[in-house]
Structure formats: C-alpha cells, structure tokens
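Here is the structure we will look at, set down as structure tokens.
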Amino acid sequence: MDKNMELPEGWIMVKLGTVCKLKNGFAFKSTDYLTDGIPVIRISDIKVGHVTTKKSVRVKAGSEYENYLINNNDILVAMSGATTGKFGIFSSNEIAYQNQRVGKFNILNTNALNNQFLLYQLHSLKRQIEKDAYGGAQPNISSTKIEEMEIVLPPIKEQYEIVQKIEELFGELDKGIENLKTAQDQLKVYRQAVLKWAFEGKLTNENVKEGELPEEWAHKELGTIASKIFDGPFGSNLKSDDYVDDGIRVIRLENIGVLEFKEEYKTFISKEKYASLDKHTVSAGDIIFSSFIIEKVRVAVLPPGIKLAINKADCFCIRVDVKNLNTNYLAYFLSTKNVYNQLIDEVHGATRPRINTKQLKSCIVPICSLDHQKQVVQEIESRLSVCDKIKETITTSLQQAEALRQSILKKAFEGKLLKVQQAAEETKVVSIVKRGSDDWQRKVLAGHIIYSFQKGGYVGRTKLQKMLYLCEQHAELDYETQYVKEAAGPLDSKFLYAFLTEGKQKNWIEETPVGHGYKYEPADAISELTKEYPKYFRPISEKIKFIIKLLKDKDTDTAELIATIYAVWNNYIIQKKELTDQLLSDEVYQWDDSKSKFSERLIASTWQWMIEEKLLPVGFGKVIVKN
C-alpha cells in the first residue's frame with residue numbers, strides 16, 4: 001500500500017495483524033493419509049480465488065487436529081513453494097483440516113473487517129508477498145511478515161458497499177470473458193470445418209456429393225505419396241548427456257505445435273555426434289509429425305531457418321517431392337480430425353500413447369493434381385488468416401479484461417470505486433442500454449433501420465425483422481423479447497406487427513405493396529424516432545452500424561439465412577454444445593421445411609462468410625424454440 005495515498009474521510013491504514021491473525025497449519029504425516037475421511041487442505045488445493053477438495057488427501061478425524069479446522073468462508077494463503085502468495089476462500093459446509101505452510105486468516109472483529117473485503121484486498125498484496133518470499137532458493141514467507149503488511153480499513157458499511165460494487169463489476173467482466181472464451185472455442189470448430197471442407201473438395205469444386213470426392217481426386221496411402229518417412233534415434237543412440245550449448249539443432253516434441261513450429265525450445269548436439277546420426281537429418285520444408293496421438297494431432301513444417309538438424313525419437317519426419325506433392329497441402333491434411341480419427345484406434349502404450357511409422361504410412365490421404373493442391377492451400381489460408389486475426393483480437397481483449405480487473409481493485413482500495421457511477425461502462429465488455437422502456441427503444445431502433453434506407457433501396461417485413469434481431473443480438477441489448485422459430489427465421493411477431501401498425505398510424509413509415517409483400521420507407525414523422533436514437537444507442541452505435549452495413553445490400557433470402565444460422569449457432573453456444581458444419585445444415589433444415597431452398601454448400605459458405613466478417617454470436621439471450 002502507498003503510505004502517501006490520500007484516504008477518503010473515515011478511512012484508516014492499519015497493519016494487517018491488528019485486525020486479523022494468520023495461523024499456520026498442522027504437519028500431517030503422509031502415512032496418515034486415507035482415501036476417506038476429513039480432507040486436508042494443502043497448498044496444491046488453493047486455486048486462484050477459491051479452494052477445492054477434489055484432489056485433497058484425507059485423514060481420520062482426531063482431537064489433536066481441532067485447532068486446525070477450516071470452515072466455510074475461511075481465507076487461506078500458500079506460504080511456501082512456487083505459488084507462494086496465492087489466496088483462496090473455502091466455500092463448503094464440509095469441514096476440513098489445515099496443512100502446514102497453509103495460512104488461515106482469523107478476523108479479530110467482524111464488525112471492523114468484512115471477510116470478502118479482506119479477500120479482495122489481499123489480492124492487491126500478492127505482489128508484495130511474492131517480493132518478500134522470493135529472497136532465497138525456496139520461496140517462503142512467515143505469518144509475521146504478512147501481518148506487518150498494511151491494508152486500508154474503511155467503515156464497515158462502506159466495506160459492504162465496495163464488495164457489492166466489485167462483485168457487480170466482476171460479474172459483468174466474467175460474462176465478457178466467458179463470451180470471449182466461447183468465441184475462442186468456436187474458432188477452433190470453424191478451423192476444423194474449413195479443413196474438412198477443403199479436403200472434401202468443397203472449397204474448390206461445385207456440387208460435391210456428401211461422402212464422395214470430386215472427379216479426378218483419389219484416396220492414397222501416405223506411404224505411397226511421401227518420398228520418405230522416418231523416426232529419430234532411440235534410446236542410447238541419443239541421450240541428454242549428448243546435448244551441448246550450440247551446434248546441430250535437435251527437433252524435439254516440444255517444437256511441434258498444431259500447424260506451428262515452436263522455435264523457442266532449442267537443443268543442440270555437437271558436429272561429432274551428428275556424424276553418427278546423419279541418417280536422421282531433417283531441414284527446412286520437412287514435415288514433423290508427433291507420434292503421440294492424445295487429444296489432437298500435432299504437426300508442423302520446419303521453417304526456412306532450420307538449415308540442418310536431426311529429429312528426435314517420436315518426431316516422425318515426412319519428406320515429399322515438391323514436384324508431385326505440395327508440402328503445405330499435406331501438412332494441413334495431417335492436422336485434421338480425419339487423420340486423428342484414422343490413427344486414434346492404432347494408438348498403443350498405456351502410459352505414453354503413440355503410433356509408429358508403419359501406422360502413419362497407412363493413413364489415407366485425399367489427393368488431387370498439384371495445381372489443385374495449391375488452390376486448396378490458398379483457399380485454406382485465406383480463411384485461416386481471418387481466424388488468426390480474430391484469435392489475436394480475442395487474446396488482446398482477454399488481457400485487457402485482466403488488466404481491468406486489477407484496475408477495479410486498485411480503485412476500490414483507493415476509495416474511488418463508489419464515486420465512479422459509470423464504472424460498469426468501463427468494463428468495455430458488455431454495454432447494456434437500460435434508459436426508457438424496452439418497447440419504445442425497440443421502436444426507435446426499428447425506425448433507425450428503416451431510415452438507413454432513405455438514400456436508396458428499401459426494406460421488407462422479413463428483412464426488417466432479421467436486421468432488428470441481429471442488431472439486438474450483436475449489441476447485446478437486454479430487452480424482453482419473444483423470438484420464436486418461424487419459417488423465415490427468428491420472429492418476434494407481437495412486437496413487429498405492433499410496430500408496423502403504429503408506424504403507419506403515426507406516419508413514421510410508409511407501406512407500399514411489392515410483389516407478394518410490402519416495402520417500408522421513412523415517412524414525414526420518422527424524426528420522432530430518429531431524434532431519440534442517440535439518447536439510447538450512442539454507446540453501441542458502431543455495433544448497430546456494423547449490422548446495417550453488413551445486411552443493407554443483401555436480398556431477403558440471404559438475410560433470412562444469415563439470421564437463421566446466427567440463431568442456430570447462438571442456441572448451441574447457450575447450450576454449451578459443439579457445432580459442426582453437418583450439424584449446422586441439419587439444424588437449418590429442421591428449423592422449417594422451407595429451408596430446403598438453401599443448399600448445404602450455401603449454408604456452409606454463409607457460415608464461413610459470417611466468421612470472416614466477425615458476425616459471431618456469444619450465447620447472448622435465450623434459446624429460440626418453435627412456437
């Protein structure tokens with residue numbers, strides 16, 4: 001704590017030991033551990049912000065442990081080891097025992113210090129604890145040192161208010177983080193979908209039948225199309241004692257990511273040792289494949305900087321003749337779920353599940369002409385580059401969210417949090433407009449959409465509803481809506497028809513018959529709605545503008561398909577289910593019989609377009625079901 005910090009009136013700065021004591025635990029013997037009994041909380045059971053007994057050891061209850069009981073809402077801290085300074089709260093009605101080097105905070109007067117307020121403030125002391133603990137070889141800190149640290153102590157009423165505000169802001173922040181992580185998971189699904197479409201020929205060919213390859217494509221075993229496949233040296237042929245600080249590079253399992261070569265892990269052998277292992281030589285352009293098939297396939301192409309190296313055991317080298325086979329085409333295919341499914345049943349070894357080169361050589365690969373392979377690679381990379389940009393944006397947003405969490409705590413203990421009434425907006429994660437009635441705001445938004453067509457074009461009933469739905473979803477507008485599955489996609493008929501009727505009566509909009517439907521254009525009194533728009537939607541105007549720009553020039557069928565895919569996708573996210581291209585097509589067709597007008601290829605390409613345009617649902621709102 002900054003001793004020079006100006007504190008609000010009624011706040012004081014005190015040493016931690018004057019308001020609570022830190023008690024150390026009991027030195028349990030490993031010989032006393034049982035599979036049943038009372039859980040013993042060790043340092044490894046303390047997670048960030050909470051304590052878990054899932055993997056706790058247990059002991060028989062004993063009177064000698066009565067002074068080391070842990071009860072619900074007790075705050076614990078790790079006092080030694082690599083995680084020194086990690087805090088967690090024990091939230092369970094099950095009693096537990098406190099192990100040695102686990103500290104427990106005992107508040108001396110609960111009328112002076114709130115337990116949850118203490119926990120949040122301890123997080124702000126974490127860096128100071130780490131600094132004091134890491135003086136020696138083994139991180140360690142005493143209870144005396146922690147008790148000497150200073151905290152701020154507002155009046156107890158303000159402590160409760162601060163805790164409430166922190167939890168409110170953290171709740172919004174956690175929703176945003178959950179949405180970002182959901183988007184990360186959806187990107188992984190999409191990447192695999194792109195690769196699946198690519199090697200079914202659907203990215204470069206028209207009218208590919210399900211389960212069949214395009215004409216002039218064929219299935220071949222990897223061993224027949226690769227010029228060479230070999231493993232690295234085993235056992236005593238290459239030992240850790242052979243490694244030196246510089247020399248010939250050794251490619252190890254740590255270097256193989258998913259379509260990524262991890263340069264940071266560097267190991268070398270001498271030129272003399274290399275001379276005895278030169279039959280395992282690998283270099284730039286070789287594909288390195290991990291023999292371990294656990295949850296996914298790991299494969300990478302050696303980058304141009306690897307001029308001369310050897311592969312270690314379990315790092316299979318796949319070498320191709322580039323005159324007949326595109327290296328990146330093969331690497332992309334080897335990273336697919338298809339290959340994983342082919343090889344997972346071949347895995348042997350209970351503790352180290354792996355395949356051998358014979359099994360890898362038998363893997364079936366879809367092959368097309370060299371020129372066509374290059375086209376496939378281009379199609380894949382144009383789509384995956386978009387994924388990479390979105391992934392980077394999500395990663396940055398997650399980092400910003402964590403920084404914001406620290407900023408909220410800093411403001412809280414400087415006495416500034418309760419003064420900033422707009423703090424919830426600072427989360428930059430969820431912007432929810434709540435001024436005025438939901439119904440009126442939705443009318444203003446619908447009027448704004450219609451007004452956006454004043455300089456050209458018009459919007460019909462179906463397209464208006466789809467644009468309104470997508471605006472409300474993309475901007476995460478927390479309205480009371482009644483969307484259901486109807487033939488043309490998500491429909492809130494009660495609101496839509498009421499708005500159109502009132503809009504004509506009040507001269508907000510003009511309705512003109514067109515073909516089998518109607519078109520809607522701004523009328524003289526539309527300003528009654530448009531003048532209200534900035535008041536309600538200024539914080540999220542960019543999100544609404546994004547949807548209008550994206551759909552304004554789309555025809556009605558396209559708008560229908562986009563909104564339907566979005567709704568299906570959002571339903572899956574809410575239900576925490578994984579969506580694949582095949583499941584998406586099935587769900588669209590099951591939405592309504594009229595959806596048969598959309599081909600599977602069109603559904604897949606529209607989904608792909610939505611991801612490229614960053615029109616991504618996050619699981620906001622309710623699951624949409626049939627009426």
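The values are calculated or read from the model by the stated rules, or taken from the named source; none is laboratory data. Since this is a predicted model, take the numbers as computed values, not measurements. Cβ placement follows ideal geometry from the backbone for every residue including glycine, while neighbour counts extend to all protein chains displayed. The protein model used for the area step is the full one, side chains on, heavy atoms only, and it has no ligands, DNA or RNA in it. Shrake-Rupley method; radii C 1.70, N 1.55, O 1.52, S 1.80 Å.
So, in the stretch 51-64, exactly how many residues are open to solvent by less than 90 Å² (accessible area, probe 1.4 Å) and either closer than 19 Å to Lys126 by Cα or acidic (Asp, Glu) (or both)?
Going through the stretch 51-64 one residue at a time, the tally reaches 1.
For residues in the stretch 1-35 being acidic (Asp, Glu) and more than 30 Å from Asn99 (Cβ to Cβ), which is modelled with the highest pLDDT?
Only one residue tops the list, namely Glu9.
For the stretch 526-572, how many residues are of a type outside the set (D, E, K, R) and exposed (fewer than 14 other Cβ atoms within 10 Å of the Cβ)?
Looking only at that region, the number is 3.
Take the conditions on the phi < 0 side of the Ramachandran plot, touching a Leu at 6+ places or on another chain (Cβ under 9 Å) and without any contact (Cβ under 8 Å) to a residue 60 or more places away in the chain and apply them to Leu343. Does it pass? Walk me through it before giving the result.
Numbers: on the phi < 0 side of the Ramachandran plot: yes; touching a Leu at 6+ places or on another chain (Cβ under 9 Å): yes; without any contact (Cβ under 8 Å) to a residue 60 or more places away in the chain: yes.
For Leu343, the condition - on the phi < 0 side of the Ramachandran plot, touching a Leu at 6+ places or on another chain (Cβ under 9 Å) and without any contact (Cβ under 8 Å) to a residue 60 or more places away in the chain - is met.
Looking only at the stretch 336-361, count every residue that is loosely packed, with under 14 Cβ neighbours inside 10 Å and either in a helix (DSSP H, G or I) or of a type in the set (Gly, Ala, Ser) (or both) and tell me the total.
4
Consider the stretch 74-88. How many of its residues are modelled with pLDDT under 95 and open to solvent by 10 Å² or more (accessible area, probe 1.4 Å)?
Looking only at that region, the number is 5.
Looking at the stretch 91-179, what strands (runs of 3 or more DSSP E) fall wholly within it and have at least 3 residues that are within 14 Å of Leu22 (Cα to Cα)?
Strands (runs of 3 or more DSSP E) meeting the threshold: 102-107.
Is it true that some residue in the stretch 220-228 is in a helix (DSSP H, G or I), among the hydroxyl-bearing types (Ser, Thr, Tyr) and surrounded by fewer than 17 Cβ atoms within 10 Å (Cβ to Cβ)?
Yes: one or more hits.
Of everything in the stretch 467-501, what is within 16 Å of Trp591 (Cα to Cα), over 27 Å from the mean Cα position of the chain (by Cα) and open to solvent by less than 10 Å² (accessible area, probe 1.4 Å)? Give them in sequence order.
Residues satisfying the conditions are Gly489, Asp492.
Select the strands (runs of 3 or more DSSP E) contained entirely in the stretch 2-43, then report the ones holding at least 2 residues which are on the phi < 0 side of the Ramachandran plot, aromatic (Phe, Trp, Tyr) and surrounded by 13 or more Cβ atoms within 10 Å (Cβ to Cβ).
Qualifying strands (runs of 3 or more DSSP E): none found.
Which pairs have Cβ atoms under 7 Å, sit 6 or more apart or on different chains, and link a residue in the stretch 520-547 that is of a type in the set (Val, Ile, Thr) to one that is assigned to a loop (DSSP other than H, G, I, E, B) and surrounded by 20 or more Cβ atoms within 10 Å (Cβ to Cβ)?
From residues that are of a type in the set (Val, Ile, Thr), the pairs are Ile526/Trp508; Ile540/Ala475; Ile544/Ala475.
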